[in-house]
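What follows is one structure encoded as structure tokens, with my remarks underneath.
The values are calculated or read from the model by the stated rules, or taken from the named source; none is laboratory data. The structure presented is a predicted model; accordingly, all values stated were derived computationally and were not measured. Note: ideal-geometry Cβ built from the backbone for every residue, glycine included; neighbour counts use all protein chains shown. Accessible surface areas use protein heavy atoms only, side chains included; no ligands, DNA or RNA. Shrake-Rupley method; radii C 1.70, N 1.55, O 1.52, S 1.80 Å.
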Amino acid sequence: SPNEELRTDIVTLTSHIIAQQQLSPKPATGDLSLLLSAIGSACKWISNVVRKAELLKVIGATGVTNVQAETVQKLDILSNEIFINLLKGTGRAAVLVSEENEEAIFIDTPRGHYCVVFDPLDGSSNIDCGVSVGTIFGIYELRDRSSKPSVKDVLRPGTEMVAAGYCMYGSSTIMMLTSGQGVDGFTLDPNTGEFLLTHKQVKLGKKKIYSINEGNAHAFDDAVKEYLHSVKFPPAVNGKVPAYSARYVGSMVADVHRTLLYGGIFMYPTGKLRILYECFPMSFLMEQAGGKSSTGRIRMLDVVPDNLHARAGIFLGTTEEVEKVEALYRKMDAAK
Ligand code: P6P
């Protein structure tokens, strides 16, 4: 409408990345900025493909009606190829580790100085029923630019990551990103193809929510069982019972995104989630947003994975809740 103020102070992902580069503690070459921009482009492509997924089965990738659904490549394979090709194209990556590839990918010419670990389409088993899915990524700098890159450049604690984030393909396409100076969120504007800054310096909300797959309760240890009991039957405080809500999507990006914005605790105690490209990036984001992330016994980011696809139990979210779980683990271990 004519009287609607046209915003001119919009911040795009690209302009934000460049602004963050100016803040970086050591003189920045712009390589990380280029890498993050390429990740943004890859997520736009993946968003495009994911949103057409159902239609692709009918109209096919070429727009020609096809009756066999098998011509539609599996979305996670396609997402993986998009991610690898766009990152290779920057000439700034030396090592790529993908949930879809058993071995690390080493890029020799041109060789960049960064290692990117990623799950190109996490939760893809949920796509057929329309549940939000996402891309998760984390970035390390090579430990030593003069020596030949190896898996030792990525089998490192999460504390050594220089950037991490995810892109969620939900009701809208939202990227949450940190490079150590807080968490900022960008929403994809489908009209311009730009990621626009919509969530500045995100801090965890304060809602009492617990998120876990109770179908695994038979395998939970006593600390988890005791924690769950305490949130289901919370003791009254000043005569009021602080009721918790249960929320579980079953897609990590969706469950973590809700936890980041609303607060609460997300738990996967039985070691299904992968350390490098699921637990570390989400833990980096949680800490930057004022939350916490733990294995139950130690800070998740202090873990050193012993192989590329190593898994860990994880508890992340509101500091108060995560610390309750850690106290219960200490009590359980002391009683042994
Ligand atoms: P479950 C999706 O398959 C995934 O890897 C994560 O995105 C999600 O948090 C978890 O597994 C869900 O596992 O056992 O509850 O279905």
Sequence of 143, 7 when ordered by accessible area, the most exposed leading, probe 1.4 angstrom: 7, 143
Label-point separation, residue 48 to residue 243 (7 Å along Cα→Cβ), nm: 4.6
Antiparallel DSSP beta bridges within region 182-268, percent to nearest 5: 60
Length-normalised contact order of the chain in % [C-alpha pairs under 8 Å, at least 6 apart]: 15
Accessible-area ranking of 156, 247, 92, 330, largest first, probe 1.4 Å: 330, 247, 92, 156
Alpha-carbon centroid distance for the pair region 273-298 / region 20-34, whole angstrom: 24
Solvent-accessible area per residue for region 264-336 (1.4 angstrom probe, square angstrom): 37
Gaussian network model of the chain, springs between alpha carbon atoms under 10 Å - residue of 88, 74, 240 with greatest fluctuation: 240
Distance between modelled label sites at residue 88 and residue 29, nm, 7 Å Cα→Cβ extension: 2.1
Volume per residue of the C-alpha convex hull in region 163-303, rounded to whole Å³: 129
Normalised alpha carbon radius of gyration of the chain [divisor 2.2 N^0.38 Å]: 1.03
Antiparallel %, DSSP beta bridges [both residues in region 207-327], to 5: 70
Computed lengthening from residue 222 to residue 9, 0.36 nm per intervening residue step minus Cα-Cα distance: 71.5 nm
Helix 252-262 axis, angle to the chain major axis (alpha carbon atoms, nearest 10°): 70
